[in-house]
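Everything on this sheet refers to the single structure shown next.
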Amino acid sequence: MNDWIAFWDSPHAIYVNAHHLDVHYRRIAEDTRRYMPANGRALDYGCGDALHADLTAGVAQQLILCDAAPKLRDTLAARYAGNAKIQVMSPEQVAALPNHSFDFIVMHSVAQYMSEEELEKLIVLFHRLLREDGLFVLGDIIPPKVSALTDAIALLRFARAEGFFFAALFGLVRTVFSNYWDLRSTLGLARYGKDEMLRKLTAAGFWAAEAPKNIGHNQARMTFLGRLEPTHIDH
Ligand SMILES: C[S@@+](CC[C@H](N)C(=O)[O-])C[C@H]1O[C@@H](n2cnc3c(N)ncnc32)[C@H](O)[C@@H]1O
């Protein structure tokens, strides 16, 4: 397991308290489900805690939650054991699925934690797994010049709007002295410019465009939409 995945699989304080965790995942679920076709088969790749997967599953026929972190998968499987629409899978299980398994695939805030080569392979995999009229949503791509300060300001704005400003301020100070900061300083986060990401999606066979807004609270980052067919790529 790589160091970032081990980090996400262990107790960490990226979400400063339970309220932050709740509003973070609610916002991601609400933004994501706007893109989801009704009654489709959906994949959330690198889903993390997916605290509000019931909201996204609500519009789908089936929702596969996939994450590389094994303990996280166990927690998700236990949390959603009573929801017949939700199934938890490892990346290996997803990679073994047949062609055209999904109408919708989202991968949000994950690309920065993997190598460029791994990302390119995943984009090819998602192209294979989508049905002809399917949609791939690739969110939270960090452009080259966006700094940690920009992330911090975006978090504080979100926290002020959602009523956890002082907890977020304290959380940011704690983050600077944490394992997350060590990893961010040593491993870094993968960053891609808009044209570079559009080229990657196009090289894998997608018709691609940048979405008008990023999913989630951080509008300094970008979301991309990829389709197998050119129809409906503008919105
Ligand atoms: C920042 S969290 C994002 C969670 C959620 N998608 C969100 O937007 O809040 C990153 C997640 O990606 C997962 N992850 C990182 N690299 C991965 C990979 N190569 N394959 C699958 N999951 C991965 C981590 O385990 C972690 O749960």
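Using alpha carbons only, how many degrees (0 to 90, rounded to 10) separate the axis of helix 194-203 from the longest principal axis of the chain? With both axes taken from Cα atoms, the answer is about 30 degrees. Straight-line cross-link reach from Lys194 at under 28 Å between alpha-carbon atoms covers these lysines, not counting any fewer than eight positions away in the same chain: Lys121, Lys145, Lys213. The protection proxy used here, the mean number of other Cβ atoms lying within 10 Å of each residue, ranks peptides 132-142, 84-94 as follows, highest first: 132-142, 84-94. If you wrap the chain in the convex hull of its Cα atoms and look at it from every side, the mean projected area works out to 11.9 nm². If you take all other residues with their beta carbon under 14 Å from the beta carbon of Trp181, and give Lys and Arg +1 and Asp and Glu -1, the sum is -1.
With R₀ fixed at 25 Å, the C-beta to C-beta distance from Ala84 to Ala13 puts the FRET efficiency at about 0.15.
Counting charges near Thr75 (Lys, Arg +1; Asp, Glu -1) among other residues having Cβ under 12 Å from its Cβ returns a value of -1.
For segment 1-25, the residues whose backbone nitrogen is under 17 Å from a point 7 Å from the Cα of Lys71, taken along Cα to Cβ, are 1-15. When the Cα positions of Ser109, Thr75, Gln93 are compared along the charge dipole of segment 49-126, Thr75 comes out farthest toward the positive end, with charges on each C-beta of Lys, Arg, Asp and Glu.
Structure remark: mean-square fluctuation, Gaussian network model of the chain, C-alpha springs under 10 Å; the largest value among Val106, Val23, Val176 belongs to Val176. What is the helix-to-structure angle for 148-162, meaning the angle in degrees between its Cα long axis and the longest Cα principal axis of the chain, kept from 0 to 90 and rounded to the nearest 10? Its long axis makes an angle of about 90 degrees. For segment 1-115, taking the reciprocal of the average inverse distance between every pair of different Cα atoms yields a Kirkwood hydrodynamic radius of 14.5 Å.
Compared with the dominant principal axis of the Cα atoms in the chain, helix 18-33 is inclined by about 20°. When the chain is treated as a GNM, springs tying every alpha-carbon pair under 10 Å, which of His108, His24, His12 comes out with the largest mean-square fluctuation? It is His12.
The ranking of Phe224, Phe7 by Cβ neighbour count inside 10 Å, starting from the fewest, reads Phe7, Phe224. Excluding same-chain neighbours fewer than eight residues apart, the lysines reachable from Lys71 by a Cα-Cα span under 23 Å are Lys85.
Where a number appears in this text, it was derived from the coordinates with a stated rule and is not lab data. Note that this is a predicted model, so its numbers are computed, not measured. Neighbour counts are summed over all protein chains in view; Cβ atoms, including those assigned to glycine, are modelled from backbone coordinates with ideal geometry.
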